[in-house]
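S.K.: Pasting in a structure now, in structure tokens, and then I'll have a few things to ask.
The values are calculated or read from the model by the stated rules, or taken from the named source; none is laboratory data. What you see is a predicted model; the values in this text were computed from it and never measured. Neighbour counts are summed over all protein chains in view; Cβ atoms, including those assigned to glycine, are modelled from backbone coordinates with ideal geometry.
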Amino acid sequence: MNIILLAPPAAGKGTQAALIVSKYHMKHISTGELLRKSLKQDDDISKEIKQIMNSGKLVSDEIILQLIEKELESAEEGVVLDGFPRNRVQAIEYEELLQRLGQKLDAVLYLSIPEEVAKARIIGRRTCPTCGKIYNMQMEEMTEELCGSCHTSLISREDDNEETFDLRYETYMRETSPLISFYQEKGLLKEIDASLKTEEVFKRIELILNEV
Ligand code: AMP
């Protein structure tokens with residue numbers, strides 16, 4: 001099974017992807033995470049990518065497609081794509097890549113959420129730098145900013161602030177939201193209300209995936 005999580009920033013793609021992979025034993029591919037990992041090197045290209053990410057714009061299709069191709073070729077199980085494709089060029093290249101690999105796309109889960117709800121979430125979002133677990137300080141009752149799994153101090157992503165959120169949302173509306181009708185026309189789009197609680201959103205995803 002191959003699925004795409006399509007959503008505006010802070011709709012909960014990463015959280016739902018983690019729940020999906022643990023239940024369905026799939027591979028989670030987050031292009032944002034792959035980019036953040038690659039930024040640990042202090043070279044010119046890393047600096048350029050970091051600057052693009054912090055301005056809320058999209059990294060070049062060429063870089064993203066190279067990352068994705070490598071990940072898909074080494075995937076032995078189904079894949080949950082989180083943050084890819086983000087525009088029409090990437091969507092078309094992904095179709096061609098799947099065809100070359102003799103695979104197909106099974107569903108596109110569109111996590112819909114009002115802009116203001118997403119914006120409020122981004123301010124409370126924390127990530128564990130060790131295991132990658134995502135927390136929301138507004139939704140979870142936490143007294144300390146420590147990871148519940150590995151006890152590392154949680155951090156805020158550099159691009160999780162109000163200003164960058166507005167830019168990322170604008171980029172999403174312009175570049176990514178046209179993919180909603182792109183996949184609707186192919187009969188692959190399933191819309192889920194992502195303003196609900198994490199467990200409720202996941203229940204709806206399970207109902208969809210059990211039918212795929
Ligand atoms: P995310 O973790 O998905 O929110 O992505 C963080 C940032 O990484 C985005 O704002 C983009 O700058 C970049 N990025 C992630 N995925 C892609 C993609 N598929 N195409 C272009 N840029 C991407």
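S.K.: Considering only residues that are charged (D, E, K, R) and more than 20 Å from P114 (Cβ to Cβ), look in region 200-212 and name the one that is surrounded by the most Cβ atoms within 10 Å (Cβ to Cβ).
M.R.: E206
S.K.: Okay, moving on. Given the condition surrounded by fewer than 18 Cβ atoms within 10 Å (Cβ to Cβ), touching an Asp or Glu at 6+ places or on another chain (Cβ under 8 Å) and at pLDDT 90 or above, answer yes or no: does some residue in region 41-48 qualify?
M.R.: Checking region 41-48: not a single residue is surrounded by fewer than 18 Cβ atoms within 10 Å (Cβ to Cβ), touching an Asp or Glu at 6+ places or on another chain (Cβ under 8 Å) and at pLDDT 90 or above.
S.K.: Any idea how many residues of region 132-153 are part of a loop (DSSP other than H, G, I, E, B) and more than 16 Å from the ligand (Cβ to nearest atom)?
M.R.: Number satisfying all stated conditions: 15.
S.K.: Which residue pairs have Cβ atoms under 7 Å apart, sit 6 or more places apart or on different chains, and have a first residue in region 75-99 that is under 10 Å from T176 (Cβ atoms) and a second that is within 16 Å of the ligand (Cβ to nearest atom) and among the basic types (K, R)?
M.R.: Qualifying pairs under 7 Å: G83/K13.
S.K.: Could you please find all residues in region 174-202 being in contact (Cβ under 8 Å) with a residue 24 or more places away in the chain and of a type in the set (A, V, I, L, M, F, W, C)?
M.R.: L179, I180, F182, L188, L189, I192, A194, V201, F202
S.K.: Let me ask another. Specify the residue that is farthest from the ligand (Cβ to nearest atom); the eligible residues are those in region 49-67 that are part of a helix (DSSP H, G or I) and among the polar types (S, T, N, Q).
M.R.: This residue is Q66.
S.K.: Another question, then. Given the criterion surrounded by fewer than 13 Cβ atoms within 10 Å (Cβ to Cβ) and modelled with pLDDT of 95 or more, identify the matching residue among E73, E77, E115, E96.
M.R.: E96
S.K.: So which pairs qualify, if the first residue must be in region 38-57 and free of Cβ contacts under 8 Å to residues at least 60 places away in the same chain, the second must be among the basic types (K, R) and in a helix (DSSP H, G or I), the Cβ gap must be under 7 Å, and the two must be at least 6 apart or on different chains?
M.R.: Sorted first by the residue in region 38-57, then by its partner, the pairs are L39/K50.
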